[in-house]
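The next block holds one structure in the form of structure tokens; read it before the comments.
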Amino acid sequence: MVDLVDQKDWPVKNYSGGMKRRLEIARGLIHAPSVLLFDEPTLGLDPQTRRSIWEYIFRLNQQKNITILITTHYMEEADELCDRIAIIDHGRLVAQGTSDELKSQLQGDSIQLEFSTKEDAMKMKKRVKTLPFVKQVKFIKSNGKMPGPPAGMMKQMMKRMKKMKTMPKNRARMQQSDEFKISLIVENGGTQITQLVEIAKEEGVEIKSVQMNKPTLEDVFLHHTGRKIRVEASNKMNFMKQMMMMRGRR
């Protein structure tokens, strides 16, 4: 089932990472279990091998009628394989349900409209705020400044340009370009874009670009757990090092 017959006489130390995972699956099947637990089954594998492992896991569930529990940090993996998903944060169960149920908690699709001026963006924001299908709207200003050379090199370049009298007149425009956007959370985003464009025409506002994203399982995970990088592991390591140092001093 796991396609290792041709490699059955190989030393396991010569197996690739993906082959070792498949061997682990075979070991787990020896006693014909009714439940299997996979802890990070595709950690560190290349995309092709990961997809192959997914197929094995799916086949075990569908053809062998085995209940499978998976722990994973790959949201795509959970979305692809799991009938029900639970999100655990600091040891607490913070959300559970099917993939669609969890995504529906974010109340809709995300649409970003970009405008040439702040006035246009604010005018459109005020208008769409009253629409029944818009759940949330906010103004975003981002600086489109491109990363330049190091400061020392930049000074030298400026001096040379002054000597050569080739300083561009639109220097300020070249250095910085502001983007004015409004971000909306809407129901059925794909069917609402046309209406938003029509409203912009009525208001005499030109939309530079439209971008729509449907909520992902990763969005749901971040919604419930926050975006702050976790430092618990490093704190525990520092604590252990301090304890070892104290023991050494004794």
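Coordinate-derived values only; no laboratory data. All figures in this text were calculated on a predicted structure; none of them were measured in a lab. So basically every Cβ, Gly included, is an ideal-geometry build from the backbone, and we count neighbours across all protein chains shown.
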Cα to Cα, under 15 Å, and not fewer than 8 places away if on the same chain: which aspartates and glutamates meet these conditions relative to residue 20? 3, 6, 9, 39, 40, 46
Check: region 5-83 dipole with +1 on Lys, Arg Cβ and -1 on Asp, Glu Cβ, in debye: 420 debye
Work out from phi, with θ = phi - 60° and the Karplus expression 6.51 cos²θ - 1.76 cosθ + 1.60, the ³J(HN,Hα) of each residue of region 82-95, listed in order in whole Hz, and give x for Gly and Pro. 9, 6, 10, 10, 10, 9, 10, 10, 6, x, 10, 7, 9, 6
Given contacts defined as C-alpha pairs under 8 Å and at least six residues apart, what's the relative contact order of region 5-83, whole-number percent? 33 percent
How long are the semi-axes of the equivalent ellipsoid of region 5-83, taking √(5λ) for every eigenvalue λ of the Cα gyration tensor, in whole Å from largest down? 21, 17, 10
Looking at region 1-54, which trypsin sites (Lys or Arg not before Pro) are DSSP coil and have at most 13 other C-beta atoms within 10 Å of their C-beta? 8
Phi to ³J(HN,Hα) by Karplus 6.51 cos²θ - 1.76 cosθ + 1.60 over region 56-61, Hz, x for Gly, Pro: 4, 4, 4, 5, 4, 5
Which entries of 103/201; 13/64; 126/208; 135/201; 8/64; 103/129 show an alpha-carbon separation above 20 angstrom in the structure shown? 103/201; 13/64; 135/201; 8/64; 103/129
Counting only other residues whose beta carbon sits under 9 Å from that of residue 190, what net charge do I get with K and R as +1, D and E as -1? 0
Net charge (Lys, Arg +1; Asp, Glu -1) of residues whose beta-carbon lies under 12 Å from that of residue 24, residue 24 excluded, is +2
Restricting region 71-146 to chymotrypsin sites (Phe, Trp or Tyr not before Pro) in coil, as DSSP defines it, with at most 16 other Cβ within 10 Å: 133
